[in-house]
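Enquirer: Following this message is one structure expressed as structure tokens.
The values are calculated or read from the model by the stated rules, or taken from the named source; none is laboratory data. Computed from a predicted model, the values in this text were never measured in an experiment. Quick reminder, even Gly has a Cβ in these numbers, built from the backbone with ideal geometry, and neighbours come from all protein chains shown. Please note that ligands, DNA and RNA were not included when accessible areas were found on the heavy atoms of the full protein model with its side chains. Shrake-Rupley method; radii C 1.70, N 1.55, O 1.52, S 1.80 Å.
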Amino acid sequence: MKQRFSSLDLLCISTDLKFLENYRIQNIYDVGSRGLLFKFSLPNTKTLVLLDPGYRIHITRYHRTTAASPSGFVAKLRKHLRTRRLTCIEQLGIDRVLVLHFGEMYKLVLEFFAAGNVILLDSSNTILATFRVVKESQNVPPCAVGITYTLSQPTTTWLTKLTSSDVESWSKDKSPTLKQLLQTNVRHFSVDLLVKCIETAKLDPESAEYTITDVLNVIDEAQMAVQSMLEKPITGYIVSKHDSKLDAYIYDDFMPFEPIVSGEKKILSFEGYNSTVDEYFSTLESQKLDLRIAAQEASADRKLHMSRTEHARRIEQLRQLQNDNIAKGSAIEEHINLVSSAIDKVNNLLSQKIDWENIGKLIDIERMRNDPVANVISKLDLGNRKISLSLPLDSGYSESDSELDDSDYDTSDDETDTVTKQNKNSTITVDIYLHESPGANARRYYTAKKSAIDKEIRTSKSSKKALKSAEKKIQQDLQKSLNKEKQVLKPVRNPAWFEKFLWFISSEGYLAIAGRDSQQNDMIYRRYFRPGDLYVHADIDGAATVFLLNRVSNSPIPAMTLEQAGTFSVACSKAWEQKAVSSAWWVKYDQVSKTAPTGEYLNVSGFIISGSKTYIAPAQLVMGFGFLFKVDQESEQRHKRQILQPDIPVVEIEAEQDLSSFPEILEDFPDVDLETIKDDVKYNFSKQDEDSSVLAELLANTKFDTKRAEPSSEQQNVSDDHQSIVSQQDSIGGFNDPAQQAKKSVRGKKGKLKKIAKKYADQDEEEYQLRMEILGSTKGLERKIQKKNEQEKMRLEQQAKQMQSKKIREEKLMEKERRMKMRRNEEGAGIEDDDDDDEIGLSEMESVSLDSITGTVFKEDNILEAIPTFAPWSALKNCKYKVKLVPGTTKKGKAIKECLSVIFRMKVSEDDPELMSPRERDLIKSLRDEEMILPVGVSKVKVMATGMNTSKKK
């Protein structure tokens with residue numbers, strides 16, 4: 001398995017890394033015990049480069065766990081290189097050395113031979129810091145701080161042409177094979193590439209019979225292959241082989257050319273060599289993590305199996321003890337005379353006060369004489385008034401012969417089997433107490449058997465509880481160890497431009513952004529704030545400055561969106577900690593300025609608000625944490641939001657208007673009498689006016705509850721403004737049509753229509769049109785006018801959409817000139833002009849479509865990523881995964897974990913849209929903790945979810 005770069009790999013990687021030139025190095029981190037992670041950036045672009053000294057360097061698309069505090073070497077690199085621009089990346093000839101130039105001040109030398117090293121040099125090549133100190137030895141120069149590092153360009157390059165004399169000097173003393181010769185002398189070429197070139201030349205790599213011309217042809221072929229690699233984007237290849245133990249394919253090698261493989265091997269291709277190397281090593285790291293987790297799970301299974309085995313062994317011992325006691329008691333009863341004789345004989349010897357050693361000798365003598373009583377005595381324990389007898393077993397023994405009834409004890413099949421085995425033996429050893437009769441000794445064994453039965457029952461009952469407790473303990477230990485094994489690899493998510501601010505998307509689809517500090521507020525104002533947008537703030541310490549971006553210039557913003565923006569601004573203030581409800585206010589774009597009046601001072605974070613403020617009604621401080629999902633362009637069409645459009649003129653005909661002003665209509669109806677049409681139109685309008693007047697009279701006679709307190713002048717301003725917005729919504733939506741509301745069913749009209757349908761059933765369309773022309777009916781003409789009105793409206797809407805982007809750009813240019821004039825007048829020529837702000841802001845806003853970000857996805861949608869969001873609770877009404885947050889004392893980091901535990905309670909199903917899909921769960925789990933905490937704009941919260949208090953008590 002390949003673990004480190006060859007010289008050819010380093011050449012391809014350095015070529016792929018060329019695009020990093022002119023990037024700035026943003027930061028450097030420690031990864032693991034010896035890895036380094038470099039973060040390069042351009043405006044709105046970040047790239048992570050992973051370095052393992054001596055082994056590999058490549059761009060990675062995975063996040064890795066970094067050290068909490070930097071090491072001394074990383075601190076030194078940060079001191080000298082952070083914010084420096086990378087100007088050049090080069091490989092030193094064919095050596096495994098890569099040099100990164102940061103202007104003319106610093107160089108970073110990366111060595112990939114031996115144990116590897118990272119060396120920081122100044123402009124005079126003096127070592128400022130080194131990853132690994134190397135002591136001077138034979139053919140190895142020293143490497144330490146303060147020593148001058150030798151940076152010399154090698155004379156040999158990748159395309160250096162070799163001559164016959166060079167090849168002749170390679171094999172003066174030995175006769176190596178062709179493969180060995182090339183591998184030894186042109187080792188900068190990969191072995192696999194050399195073998196491929198040898199086979200392409202139809203030569204045997206293991207043969208020692210070759211000519212100098214053959215060697216030169218193979219080298220020329222290898223040089224041509226390298227040159228062709230560098231002339232176009234490099235395609236990487238990964239070779240995977242089958243592992244019989246795991247029964248799966250695992251990565252074995254990677255290379256920048258298509259290899260020749262044989263056997264059970266597969267080839268995978270990737271665009272870009274960085275992607276190839278990242279996939280190779282990241283997969284190996286993931287496999288190592290999986291192996292560690294599998295080992296811990298196997299260890300937990302072994303512990304659980306041992307616990308179960310131990311409980312089963314204890315129960316088996318108790319059952320064996322029962323069987324032994326039954327067999328001993330039965331043996332005493334079967335040989336009661338022999339036992340009684342042994343007791344009497346020993347007691348008789350003891351009564352004669354014979355020494356205990358002599359008693360043993362006397363019994364041995366009797367045993368030599370083949371005395372039956374002495375033969376059964378196997379051991380004397382006279383100190384405890386006890387002897388051991390080896391009694392013969394009777395194969396005809398049955399439990400019915402016992403003096404105990406079947407009700408006293410029960411013998412299982414296992415016990416019977418054990419007794420049968422014991423019966424095969426000739427004798428069984430029993431302990432007999434000299435002060436007890438044979439019956440009493442047998443009864444003692446039966447009592448012990450009863451105790452063993454009771455103990456077995458108690459043990460079997462308690463073992464179930466003990467096993468459950470042991471399983472729980474083992475699972476807890478396993479979970480703790482798995483929690484320590486954090487997922488080191490998580491894909492890097494490309495955040496949207498607004499995620500660097502505090503933000504949310506309202507329930508109507510409008511984006512609201514707020515700066516985290518004064519710098520971000522100023523950035524938003526200069527880059528993203530445009531005519532038609534609103535500025536929302538509150539007169540409370542710490543309130544967020546919310547910029548409500550209008551999706552269509554000069555169109556009304558819904559009142560609900562304004563309320564949500566006001567709630568967001570208040571929630572990010574001191575009012576959240578104090579649990580105080582307060583009002584926010586909003587102003588229009590042209591009321592906000594960064595220029596202070598003459599004689600006044602405006603700090604960097606301040607804004608000048610001119611004109612009156614429109615206050616928003618106070619709302620409860622109820623926020624929410626949830627997840628939005630970004631879908632692809634095809635799925636975006638299913639999530640289009642309806643946005644309020646500005647008023648568009650429509651062709652209308654008034655009651656008193658002369659129809660001769662519409663020549664295009666008269667061309668379609670040449671035979672129509674204008675006077676008849678005019679009278680009909682007058683009648684229709686008068687009829688509609690009559691219906692409207694009836695409805696107005698009914699509304700005037702209706703009594704309303706007027707007990708509410710009179711609003712103040714500011715609140716009156718708020719209500720008037722909101723009323724105007726709501727009235728515009730209603731007029732656009734068509735909800736306030738009085739004629740439509742006043743329509744009622746007419747009695748008898750249904751029967752009349754049936755008669756008319758029967759009367760004119762045989763009438764065709766042509767006859768119908770002729771009759772209508774004769775009668776002078778205007779219905780056909782009205783339909784034609786209505787159709788033309790609709791077509792004109794659609795045309796104007798398309799024209800408005802086409803002109804929208806052009807209008808925004810023109811307004812932005814005008815605004816840009818206005819801002820620049822104000823800045824020059826206010827601050828003079830000392831301010832650095834940032835001409836790119838407007839272009840950057842416009843390009844960023846066009847890069848992300850808000851319709852592609854949705855809270856609820858459909859089954860057929862292709863989900864790209866999950867986006868955590870923190871927003872007012874009402875803004876999350878269409879969000880599938882959300883948790884309510886209110887002011888509390890829990891830190892937001894811990895609260896986010898509680899929110900995740902609530903969300904992950906949902907069952908996973910691929911078919912039911914109401915449940916969590918596996919794709920959604922994986923995307924949410926792939927998010928890092930920092931990404932989920934970042935959007936939360938408050939410090940302490942309380943999670944409001946069903947079952948939270950119950951789970952905490954448990």
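Enquirer: Could you calculate the contour length gain from Lys361 to Thr177, that is, 0.36 nm times the residue separation minus the distance between their Cα atoms, to one decimal place in nm?
Expert: Numbers: separation 184, 0.36 × 184 = 66.24 nm, distance 8.85 nm.
Fully extending the segment from Lys361 to Thr177 adds 57.4 nm.
Enquirer: Provide the net charge surrounding Ser14, with neighbours chosen by a C-beta distance below 13 Å and charges set as Lys +1, Arg +1, Asp -1, Glu -1. Show your work: numbers first, answer last.
Expert: Values: positive: Lys18, Arg56, Arg96; negative: Asp9, Asp16, Glu21, Glu90, Asp95.
Computed value for this residue: -2.
Enquirer: Can you pull the Rg over Rh of segment 123-282, Cα-only, Kirkwood? Don't skip to the answer; put the middle values down first.
Expert: Values: Rg = 20.0 Å, Rh = 19.1 Å.
Rg/Rh: 1.05.
Enquirer: Among the listed pairs Lys241/Lys472; Lys588/Lys859; Lys640/Lys793; Lys500/Lys880, which have their C-alpha atoms separated by more than 31 angstrom in this model? Before the final figure, lay out the partial values.
Expert: Numbers: Lys241/Lys472 40 Å; Lys588/Lys859 41 Å; Lys640/Lys793 21 Å; Lys500/Lys880 24 Å.
Check vs 31 Å cut-off fails for Lys241/Lys472; Lys588/Lys859.
Enquirer: Quickly rank 753-759, 208-214, 794-800 as a protection proxy: mean count of other C-beta atoms within 10 Å, highest first. If you can, show how the numbers build up before the last one.
Expert: Numbers: 753-759: 9.3, 208-214: 13.6, 794-800: 11.9.
With the highest mean Cβ count within 10 Å placed first, the list reads 208-214, 794-800, 753-759.
Enquirer: Where does each of 355-365, 322-332 land if you order them by average Cβ count within 10 Å, highest first?
Expert: Working: 355-365: 13.0, 322-332: 24.0.
By packing density, highest mean first, the sequence is 322-332, 355-365.
Enquirer: Assuming R0 = 45 Å, what is the FRET efficiency of Ile608 and Ala580, from their Cβ-Cβ distance, to the nearest 0.05? Mind dumping the intermediate values first?
Expert: Values: r = 27 Å, r/R0 = 0.60.
So, using R0 = 45 Å, E works out to roughly 0.95.
Enquirer: With all distinct Cα pairs included, what does the Kirkwood hydrodynamic radius of segment 51-128 come out to in Å, to one decimal, could you say? Intermediate results must be reported in sequence, preceding the final value.
Expert: On the way: mean 1/r = 0.0732 Å⁻¹.
It works out to 13.7 Å.
Enquirer: Rank these residues by their accessible area, most exposed first, probe 1.4 Å: Met523, Met306, Met944. Numbers along the way, then the final one.
Expert: On the way: Met523 60, Met306 130, Met944 90 Å².
My answer, sorted largest first, is Met306, Met944, Met523.
Enquirer: Can you tell me how much longer the chain between Leu289 and Arg302 gets when fully stretched, taken as 0.36 nm per residue apart minus their C-alpha distance, in nm with one decimal?
Expert: Full extension of this stretch gives 2.7 nm more.
Enquirer: When a/c is below 1.5 the answer is rounded, else prolate if a/b is larger than b/c, else oblate, so apply that to segment 7-148 with a ≥ b ≥ c taken from the square roots of the Cα gyration tensor eigenvalues. Walk me through the numbers on the way to the answer.
Expert: Working: a/c = 1.39, a/b = 1.29, b/c = 1.08.
Rounded shape, in that the Cα axes give a/c under 1.5.
Enquirer: By per-residue mean of other Cβ atoms within 10 Å, what is the highest-first order of 149-155, 510-516, 286-292?
Expert: Working: 149-155: 10.6, 510-516: 22.1, 286-292: 12.7.
Ranking, from highest mean packing down: 510-516, 286-292, 149-155.
Enquirer: Between Ser555 and Lys925, what length comes free when the chain is fully extended (0.36 nm per residue of separation minus the Cα-Cα distance, one decimal in nm)? Can you show the working numbers first?
Expert: Values: separation 370, 0.36 × 370 = 133.20 nm, distance 3.90 nm.
Full-extension gain reported as 129.3 nm.
Enquirer: In whole percent, and with a 1.4 Å probe on the protein chains, what portion of the accessible area of segment 7-148 is carbon and sulfur? Don't jump to the answer; show the numbers that get you there.
Expert: Values: 3210 of 6260 Å².
In segment 7-148, the share of accessible area belonging to carbon and sulfur is 51 percent.
Enquirer: Here's something else I'd like to know. Using Cα-only point scatterers and the Debye equation, what is log10 of I(q)/I(0) for segment 93-216 at each q in 0.13, 0.20 Å⁻¹, rounded to two decimals?
Expert: -0.70, -1.06
Enquirer: Which distance in nm do the two modelled labels at Gln26 and Arg84 give, with both placed 7 Å along the Cα-to-Cβ direction?
Expert: 1.9 nm
Enquirer: What number comes out for accessible area per residue over segment 7-148 if the probe is 1.4 Å? Units Å², please.
Expert: Numbers: 6260 Å² over 142 residues.
Solvent-accessible surface per residue comes out at 44 Å².
Enquirer: Between rounded, prolate and oblate, where does segment 78-164 land on the alpha carbon gyration tensor, with a ≥ b ≥ c its root eigenvalues, rounded for a/c under 1.5, else prolate if a/b exceeds b/c?
Expert: In terms of gyration-tensor shape, oblate.
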